[in-house]
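Participant: Provided herewith is a single structure, encoded as structure tokens, for subsequent inquiry.
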Amino acid sequence: MNAPEAKSGFRHVGTRPVRPDGIDKVTGKAIYSPDFVAPGMLQGAILRSPHPHARIRSIDTSKAEALPGVKAIVTADDFPTLKSLMVTMGESAGNIIHVSRKCMAQGKVLYDGHAVAAVAATSAVIAAEALKLIEVDYEVLPHVIDIDEAMQPDAPLLHEDMVTEGVQPRPDKPSNIPTYVSKTKGDVAEALGRAAAVVEGRYSMPMVHQGYIEPHACVASWNADGQANIWCSTQGAFVVRMLTASVLGISQADIRVTPLEIGGGFGGKTTVYLEPVAMLLSRKSGRPVRLAMTREEVFRASGPAPGVQIDFKIGATADGYLLGADLSMKYNVGAFPGNGVQVGLITALYHYRFESFAMHGWNVVTNMPGIHAYRAPCAPQVNFAVESAIDELAYKLGIDPIELRLKNAVVPGDPGFTGGTLGEIGFVECLEAAKAHPHYSAPLGPNQGRGVAASYWINAGGPSVAAVSLAEDGSVLVTTGSPDIGGSRASMAIMAAETLCIPYEKVRVTIADTSAIGFSMVTGGSRTTYATGKAVIEAAETIISIMKARAAGMWGVDVADVAWGDGEAICLDPAKDNQRLPIGKIAARMNNTGGPISAEASVNPHDYLPAFGVHICDSEVDPETGQTTIVRYTAIQDVGRAIHADYCEGQIQGGAVQGIGWALNEAFIHDKAGRLDNPGFLDYRVPVCSDLPMIDTVMVEKPNPAHPFGVKGVGEVPIVPPLATVANAVSRAAGVRIRDLPLSPDRVYSAIKSKG
Amino acid sequence: MPQPGYHAPETVQQAIALLSKEPGARVLAGGTDLIVQMRSGRIASPLIVDLKRISGMIGIRASGDGFAIGAATPCTALKKDAAFAAAWPGVVEAANLIGSVQVRNRATMAGNLCNASPAADSVPALIAAGATCLIAGPSGERELPVEQLATGPGRTGLATGEFVVELRLPARPKGGGDAYLRLIPRTEMDIAVVGAGAALVIDAAGTCTAARISIGAVAPTALLVADAGAALVGSKFDDAALGRMGEAVRAACSPIDDKRGTISYRTDMAAVIARRAVAIARQRAGEAN
Ligand SMILES: Cc1cc2nc3c(=O)[nH]c(=O)nc-3n(C[C@H](O)[C@H](O)[C@H](O)COP(=O)(O)OP(=O)(O)OC[C@H]3O[C@@H](n4cnc5c(N)ncnc54)[C@H](O)[C@@H]3O)c2cc1C
């Protein structure tokens, strides 16, 4: 890889140059959040609840305060009382009160690991010792982990004031169900009555975690004059600024957030858990304070993805046209109302032309950490049920599973997911590419089975700011506010170089802090290459206009007689012999021709397009042990147009691998006392390299007409289909349908055994 | 906030003296269990006694017809000793299933044994091979069969001041072969749901003349299942004999239900994995004839 490979019509787009941040990262020089050090910095630590549900009667910090070296202690009492306010964090939304309560429990602890107090001390050892000296008097309450149990009328209530939104009339009693949503089209009962085949089942999967390598960490320094610095690992420095300012009730301009390198986020780093706490510890101690989670804390007290229980009934005609779908979804959103089933509703069925459907959905709160965004948040769960059932239906009808999907696939012009009509989507192209792929017709060995599944993700646009400026030698600086989690520096450099027609290495990209550039939405929603890219291209185009004007002045011609090409201004006036002025020459003279050449673009595009993916998996199941081996895996995806081909493929492979992890082994396991029983990578089993074959990718390119280079978001959709792809393959290999994830060896073994 | 003391003695006697003085002292070999457990707060020790500076603690030497493996010998070194790797491939494979390459460059079989996890990978292989451990202590040396060292999860019969100096394995018998297999949900970096070691001797006619079968992760300690071995002796590994062997293994299981496996799954799998280990050991034994 990394060998430039020119694409027709483009100089850089679609090639594979080395990433500008690569050397620092592979040599260990890059500064990730746990590496950051501020002068005089104290070490913080957080005391966490051992109970999944308890009332805090009192907290006595006096012994800890007396310990030499302890400089500050913070509890809920140090947090301001907040008014209810909904805030958006990019890929999720929530009430600022709940954001605050995820940083520090107030009155009640709602999950094992919930923060109850924090300490800053002169060493990590002293901070840890101080935690042991804090006395918390808990009144332990009954807890609830299971979706069905949490929905019972007599279930332990997490929030005494929470009533279900979306039910008419408004319930007068509180419950653990914050949200009910529904959507119907036509008469499902009637349509299913006409079906030649109906499949019905209950599908489930547990809560899972993003498992980013780098735990959450930050350093905060809050001065007596009210101004503060935060250095942290985040997908969105502006979200950190907004949430921290809102939780603490201070002015956003007083906080400067510097995003450090990020060791993985997958949506999980689009909120705050530590920053407001570190700020308060810093204000109390008058010194910078570091807070860094351990792996165990990450698992117990950050924002996993919801577990679900889904009842699904689906029917089709004898020749495979989908008649109706009846879908009931319950999303376990953890301790706080979250964006769960609302997204499930718009990511469940809209890739097929169902004649009718009825969808009902509930969010359910339980004594687990509150969910947060995880790559195509909330879509993989429902897609697992839908694409498993489609597979069952195909086999029942004796129709090839890709053929059945092709018969029902949505095409451009069909109704959109949230209104309007679908634009230049590439679903049919992906299905055709899957059908034609040699993998799909390769022979299978003994105990092997093949599965396919298809999915979509809405993608996102939204606000971004980018600045482009020239150095005096004509090299180019690009600055954005979008943290680079998947190679976006390289993509921004490619797009700027393409626009300016200059070498890729002449462009360098910086990710600025929140005080150095205007607002950008998070790096999430598969929006960055599309939306921030648009801002970069627009600013680069402004730079070209300025350079053309400068060249016109230098030549004494009308600007209309100047063109831009090949990294230089070209004089179209024949009287001037078609002279040329390269970017370096224009830059060298810029301060004599009108001043620095620099431009900023602020964009807020919404002409993004959804992404579609189709995956194929061959699995082999050991009939004696239930162990699954993924033998071959191919992921096909419409990427619009690949800007950096390696990083598009990398996103597709990474998404597929995470999805395979959900399918095979990943699960939050709680013990009887409601404590997380596997808060580490030993028993929270993400796949290791040797578990996986090479993930083959096929990039289908159906460009987005609304983006100068045709970009569609690529980062999220690849995690959606693997669950059903693997489940379909395993069910085929095992000869028995398994509707619950993960497909751990013992579960597959008992399914094989029960089939007799 | 007491920090544990650290000593790296140069003789066995110095180590015994240090360990005897401080009953909570811990021996450090590779540290891949000990340091993890100390960091997590599971154990706190006032004194760490590192064995690696004591001469003879690292390396494999011939001892009689067999082998003596110093207690601080890392697992990767076992692979590099051609004679040992040829004699006991099952033991070497078991030790080299532990963790990752980085872990195995530190981890030792003696540490695996003394950590006394029921799921320790090298232990069933050592038991099947008939290994013993040489223990040094304030009242001199004693030698114990490996299966008698652990007394429960995380517990050993070592008295204060005692530690394992070396592991001893016999020469590979003529017609002998061994194997170890484990079942884990992933392909590596995991803890055995069940493990099984087998060491067999077969004669020129293919009849089993001796068999030791050991299972791990299905009882409080790794077990030598004498009945399972006995079921094979005299047979040519026909289905009936293998079935009896599997039944003996199942009967010996007393696993717990936990996040890593249910009682019934572990019990069923012990028989499956033991049978597969026997098949490999038999093939190796055949090749040795
Ligand atoms: C990432 C990772 C993966 C792992 N994977 C596996 C695996 O797949 N299978 C497996 O079985 N284990 C695994 N382990 C556990 C561990 O690596 C092994 O048990 C290893 O063999 C321990 O050896 P050590 O030399 O590091 O022991 P140490 O950590 O040095 O010691 C372990 C214990 O035994 C005591 N001890 C050590 N040597 C002696 C001695 N000579 N006499 C008396 N007491 C002694 C110590 O005091 C301590 O209590 C893993 C560990 C890690 C960190």
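Participant: Give the residue, chosen from A:ILE346, A:ILE314, A:ILE310, that is more than 30 Å from A:GLN227 (Cβ to Cβ) and assigned to a helix (DSSP H, G or I).
Facilitator: Going through A:ILE346, A:ILE314, A:ILE310 in turn, the sole match is A:ILE346.
Participant: Okay, moving on. Any residue at all in the range B:199-222 that's within 14 Å of another protein chain (Cβ to nearest Cβ) and small (Gly, Ala, Ser)?
Facilitator: Within the range B:199-222, one or more residues are within 14 Å of another protein chain (Cβ to nearest Cβ) and small (Gly, Ala, Ser).
Participant: Scan B:SER264, B:SER235 and give me the residue that is more than 12 Å from chain A (Cβ to nearest Cβ), at pLDDT 95 or above and either more than 23 Å from the chain's Cα centre (by Cα) or buried (at least 20 other Cβ atoms within 10 Å of the Cβ) (or both).
Facilitator: So the residue among B:SER264, B:SER235 that is more than 12 Å from chain A (Cβ to nearest Cβ), at pLDDT 95 or above and either more than 23 Å from the chain's Cα centre (by Cα) or buried (at least 20 other Cβ atoms within 10 Å of the Cβ) (or both) is B:SER235.
Participant: Can you find a residue in the range A:699-715 that is over 27 Å from A:PRO438 (Cβ atoms) and free of Cβ contacts under 8 Å to residues at least 12 places away in the same chain?
Facilitator: no
Participant: Next question, about the same structure. If you check A:PRO687 against the conditions, is it more than 10 Å from chain B (Cβ to nearest Cβ) and part of a loop (DSSP other than H, G, I, E, B)?
Facilitator: no
Participant: Would you pick out the residues in the range B:24-39 that are within 14 Å of chain A (Cβ to nearest Cβ) and either more than 6 Å from the ligand (Cβ to nearest atom) or free of Cβ contacts under 8 Å to residues at least 60 places away in the same chain (or both)?
Facilitator: Once the filter is applied, which keeps residues that are within 14 Å of chain A (Cβ to nearest Cβ) and either more than 6 Å from the ligand (Cβ to nearest atom) or free of Cβ contacts under 8 Å to residues at least 60 places away in the same chain (or both), the range B:24-39 yields B:VAL36, B:GLN37, B:MET38, B:ARG39.
Participant: Could you say which residue among A:GLY680, A:GLY674, A:GLY756 is within 14 Å of another protein chain (Cβ to nearest Cβ), of a type in the set (Gly, Ala, Ser) and surrounded by fewer than 24 Cβ atoms within 10 Å (Cβ to Cβ)?
Facilitator: A:GLY680 is the lone residue from the list that is within 14 Å of another protein chain (Cβ to nearest Cβ), of a type in the set (Gly, Ala, Ser) and surrounded by fewer than 24 Cβ atoms within 10 Å (Cβ to Cβ).
Participant: Out of the residues in the range B:214-229 that are within 15 Å of the ligand (Cβ to nearest atom) and surrounded by 22 or more Cβ atoms within 10 Å (Cβ to Cβ), state the one that is nearest to B:VAL272 (Cα to Cα).
Facilitator: For the range B:214-229, the residue satisfying everything is B:ILE215.
Let's see how each residue does on (1) more than 16 Å from the ligand (Cβ to nearest atom); (2) of a type in the set (D, E, K, R):
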| site | (1), (2) |
| --- | --- |
| B:ALA192 | no, no |
| B:LEU232 | yes, no |
| B:ARG244 | yes, yes |
| B:VAL249 | yes, no |
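Participant: Here is a further query. Hey, which of the strands (runs of 3 or more DSSP E) in the range A:15-129, taking only ones fully inside, have at least 1 residues that are of a type in the set (Asp, Glu) and touching an Asp or Glu at 6+ places or on another chain (Cβ under 7 Å)?
Facilitator: Hits in the range A:15-129: A:54-60.
Participant: Please determine whether any residue of the range A:694-703 is out of contact with any strand residue (DSSP E or B) (no Cβ under 6 Å at 6 or more places or on another chain), more than 11 Å from chain B (Cβ to nearest Cβ) and crowded, with 19+ Cβ neighbours inside 10 Å.
Facilitator: Yes: one or more hits.
Participant: Which members of the range B:138-188 meet the condition of being of a type in the set (Asp, Glu) and either within 14 Å of chain A (Cβ to nearest Cβ) or touching a His at 6+ places or on another chain (Cβ under 6 Å) (or both)?
Facilitator: Of everything in the range B:138-188, just one residue is of a type in the set (Asp, Glu) and either within 14 Å of chain A (Cβ to nearest Cβ) or touching a His at 6+ places or on another chain (Cβ under 6 Å) (or both), namely B:GLU188.
Participant: Okay, moving on. Looking at (1) in contact with a Leu (Cβ under 8 Å, 6 or more places away or on another chain); (2) more than 14 Å from chain A (Cβ to nearest Cβ); (3) part of a helix (DSSP H, G or I), which is the only condition B:ARG276 fails?
Facilitator: (2)
Participant: Moving on to the next point. Can you tell me which residues in the range A:720-753 are within 13 Å of chain B (Cβ to nearest Cβ) and either without any contact (Cβ under 8 Å) to a residue 60 or more places away in the chain or over 32 Å from the mean Cα position of the chain (by Cα) (or both)?
Facilitator: A:TYR749, A:SER750, A:ALA751, A:ILE752, A:LYS753
Participant: Just need a number here: residues in the range B:50-108 that are surrounded by fewer than 21 Cβ atoms within 10 Å (Cβ to Cβ), hydrophobic (A, V, I, L, M, F, W, C), within 13 Å of the ligand (Cβ to nearest atom) and in a helix (DSSP H, G or I).
Facilitator: 3
Participant: Among the small types (Gly, Ala, Ser), in contact with a strand residue (DSSP E or B) (Cβ under 6 Å, 6 or more places away or on another chain) and either surrounded by 17 or more Cβ atoms within 10 Å (Cβ to Cβ) or assigned by TED's automatic domain parsing to the domain that holds B:THR160 (or both): does that describe B:SER45?
Facilitator: Spelling it out, B:SER45 is indeed among the small types (Gly, Ala, Ser), in contact with a strand residue (DSSP E or B) (Cβ under 6 Å, 6 or more places away or on another chain) and either surrounded by 17 or more Cβ atoms within 10 Å (Cβ to Cβ) or assigned by TED's automatic domain parsing to the domain that holds B:THR160 (or both).
Participant: Evaluate the following for B:ALA192: is it of a type in the set (A, V, I, L, M), touching a Pro at 6+ places or on another chain (Cβ under 6 Å), under 21 Å from B:ASP33 (Cβ atoms) and crowded, with 20+ Cβ neighbours inside 10 Å?
Facilitator: No; evaluated as a whole, the condition is false for this residue.
Participant: Which ones in the range A:171-208 are free of Cβ contacts under 8 Å to residues at least 24 places away in the same chain and either in a loop (DSSP other than H, G, I, E, B) or within 25 Å of A:ILE738 (Cβ to Cβ) (or both)?
Facilitator: A:PRO171, A:ASP172, A:LYS173, A:PRO174
Participant: Taking the residues in the range B:78-106 that are touching a Ser or Thr at 6+ places or on another chain (Cβ under 9 Å) and small (Gly, Ala, Ser) as candidates, determine which candidate is nearest to B:LEU34 (Cα to Cα).
Facilitator: Selected residue: B:GLY99.
Participant: For the range A:507-549: of the residues being polar (S, T, N, Q) and surrounded by fewer than 24 Cβ atoms within 10 Å (Cβ to Cβ), which is nearest to A:GLN235 (Cα to Cα)?
Facilitator: Among those that are polar (S, T, N, Q) and surrounded by fewer than 24 Cβ atoms within 10 Å (Cβ to Cβ), it is A:THR510.
Participant: Taking the condition of being within 20 Å of B:LEU34 (Cβ to Cβ) and more than 8 Å from the ligand (Cβ to nearest atom), how many residues in the range B:109-125 meet it?
Facilitator: Here the count works out to 1.
Participant: Could you tell me whether A:GLU649 is more than 9 Å from chain B (Cβ to nearest Cβ), crowded, with 19+ Cβ neighbours inside 10 Å and under 24 Å from A:LYS753 (Cβ atoms)?
Facilitator: Against the criterion (more than 9 Å from chain B (Cβ to nearest Cβ), crowded, with 19+ Cβ neighbours inside 10 Å and under 24 Å from A:LYS753 (Cβ atoms)), A:GLU649 does not qualify.
Participant: For the condition buried (at least 17 other Cβ atoms within 10 Å of the Cβ), assigned to a helix (DSSP H, G or I), in contact (Cβ under 8 Å) with a residue 40 or more places away in the chain and of a type in the set (S, T, N, Q), what is the one hit in A:SER388, A:SER455?
Facilitator: Exactly one of A:SER388, A:SER455 is buried (at least 17 other Cβ atoms within 10 Å of the Cβ), assigned to a helix (DSSP H, G or I), in contact (Cβ under 8 Å) with a residue 40 or more places away in the chain and of a type in the set (S, T, N, Q), namely A:SER388.
Participant: Out of the range B:150-185, which residues are of a type in the set (Lys, Arg) and more than 10 Å from the ligand (Cβ to nearest atom)?
Facilitator: Scanning the range B:150-185 gives B:ARG155, B:ARG168, B:ARG172, B:LYS174.
Participant: If you go through the range A:611-627 one residue at a time, do you hit one that is in a strand (DSSP E or B), over 16 Å from A:PRO708 (Cβ atoms), within 14 Å of chain B (Cβ to nearest Cβ) and among the β-branched types (Val, Ile, Thr)?
Facilitator: Scanning the range A:611-627 turns up at least one residue that is in a strand (DSSP E or B), over 16 Å from A:PRO708 (Cβ atoms), within 14 Å of chain B (Cβ to nearest Cβ) and among the β-branched types (Val, Ile, Thr).
Participant: So which of B:ALA159, B:ALA198, B:ALA171, B:ALA211 is within 22 Å of B:VAL233 (Cβ to Cβ) and surrounded by fewer than 19 Cβ atoms within 10 Å (Cβ to Cβ)?
Facilitator: Only one candidate qualifies: B:ALA171.
Participant: Failed condition for B:GLU188, given (1) away from the ligand (no atom under 14 Å from the Cβ); (2) assigned by TED's automatic domain parsing to the domain that holds B:SER214, with all others met?
Facilitator: (1)
The values are calculated or read from the model by the stated rules, or taken from the named source; none is laboratory data. The structure presented is a predicted model; accordingly, all values stated were derived computationally and were not measured. Methodologically, a virtual Cβ is constructed for each residue, glycine included, from the backbone with ideal geometry; neighbour enumeration extends over all protein chains shown.
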